[in-house]
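Below is one structure, written out as structure tokens; comments come after it.
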């Protein structure tokens with residue numbers, strides 16, 4: 001991490017948050033908590049991205065407090081068994097990472113914060129989302145809800161204000177160290193895709209997991225922390241499942257394979273998709289790939305300061321609609337007809353693969369996003385997606401993943 005981020009980055013982020021925070025209420029932000037995987041084993045820990053953005057600290061269950069000109073970290077209660085099995089972390093280490101001089105124990109820290117809250121009756125924090133996100137079938141990390149509950153217990157009449165919009169605006173514009181980390185993640189991803197998809201290797205793969213394993217070896221061997229998201233390696237009709245993750249099916253000759261993958265470097269993500277073939281692709285497969293390639297390049301061409309992401313996506317969807325008619329898949333350009341074959345959309349990129357961002361505001365230099373049209377034809381067993389990572393610049397855009405060819 002130190003290759004890209006010093007404590008100055010986190011100190012600066014906290015200063016900008018303070019500057020935009022009009023209230024005198026203290027800002028209190030929690031780290032994520034660890035989640036059980038099995039018995040006494042936790043899932044690999046992933047820090048709350050906004051907490052890390054402000055502190056650089058990767059420890060679970062810590063709390064950041066910013067009060068007037070004072071700031072401190074409250075550590076969670078921690079026993080000797082945890083120190084023995086998980087390793088100790090020292091105040092000095094946390095101070096060096098975050099640039100925060102005051103590190104308090106749980107007892108000291110919550111006593112201090114309790115006195116402040118009872119006096120101010122207000123706290124600015126990151127509001128908790130729903131415990132369960134029904135549309136994607138996902139339970140959320142309970143840390144923010146637990147913090148809100150604890151604050152309400154301290155002072156039942158405390159007013160909690162949500163600073164997510166302010167942090168979203170900050171995180172949307174990437175700073176130089178962030179862009180460097182994303183570019184490194186992209187470079188590692190590109191090199192690993194190239195290495196994993198040579199003709200010799202493609203001819204030898206018999207299952208999706210072999211291609212996945214070769215890519216995983218590539219990103220770790222090139223210094224990435226790991227995958228920025230669960231990799232998608234989907235052959236044939238499996239590619240018509242947008243977030244297919246089994247990666248276990250056989251790869252047949254003359255099949256297309258959607259490879260949607262990314263490396264993570266210093267917490268920042270790459271997200272690149274290419275469609276590759278084992279053996280000789282058919283004329284129809286080539287037609288579909290070329291249609292998606294043209295849509296990707298058209299979408300990228302629209303990106304510049306002043307336009308909105310939502311408008312760009314709308315234009316890409318219309319473009320894909322034309323391609324669907326050329327391919328004989330639709331006879332009209334209705335939203336329903338297009339969504340049948342192109343049901344998803346692009347997104348911002350950063351600390352999260354689907355990073356925070358407002359899709360209605362004009363694009364600004366420093367924003368990083370993906371363009372990723374696709375065409376999915378289950379009845380033909382063909383799924384194609386091509387995705388690039390793009391930085392908005394003062395005079396247009398820079399394609400961070402441009403080195404990787406889009407052609408089949």
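What follows is calculated from the coordinates using simple rules that are stated; it is not laboratory data. Please read these numbers as outputs of a predicted model, since none were measured by experiment. Don't worry about glycine lacking a Cβ; one is built from the backbone with ideal geometry, like all the others, and counts go over all protein chains shown.
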Förster-model FRET efficiency, 51 Å R0, residue 18 and residue 286, C-beta, rounded to 0.05: 0.40
What is the extension gain from residue 333 to residue 154, computed as 0.36 nm multiplied by their sequence separation minus the C-alpha to C-alpha distance, in nm to one decimal? 58.8 nm
Over the Cα atoms of region 258-408, what Rg and Dmax result, in angstrom? 15.3, 47
If R0 = 25 Å, then residue 246 and residue 359, at their Cβ-Cβ distance, give a FRET efficiency to the nearest 0.05 of 0.25
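Would you kindly work out the equivalent ellipsoid of region 7-167 from its C-alpha gyration tensor and give its semi-axes, the square roots of five times the eigenvalues, largest first in whole Å?
Computed over region 7-167, the values are 24, 20, 16 Å.
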GNM result for the chain, Cα springs below 10 Å: residue of 284, 164, 274 fluctuating most strongly: 284
Per the Cα gyration tensor, the chain corresponds to an equivalent ellipsoid with semi-axes, largest first in Å, of 42, 24, 19
Against the longest alpha carbon principal axis of the chain, how many degrees, from 0 to 90 and to the nearest 10, is the axis of helix 106-120 turned? 80
By the mean-Cβ-within-10 Å protection proxy, highest first, 60-68, 153-161, 311-319, 48-56 rank as 48-56, 60-68, 311-319, 153-161
Per the 1/(1 + (r/R0)^6) rule, R0 = 35 Å and r from the Cβ atoms of residue 310 and residue 225, FRET efficiency to 0.05 is 0.65
Please report the projected area of region 20-109's Cα convex hull averaged over all directions, in nm². 6.6
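Subtracting the Cα-Cα distance from 0.36 nm times the residue separation, let me have the gained length for residue 145 to residue 200 in nm, one decimal.
That pair, residue 145 and residue 200, stretches by 14.7 nm at full extension.
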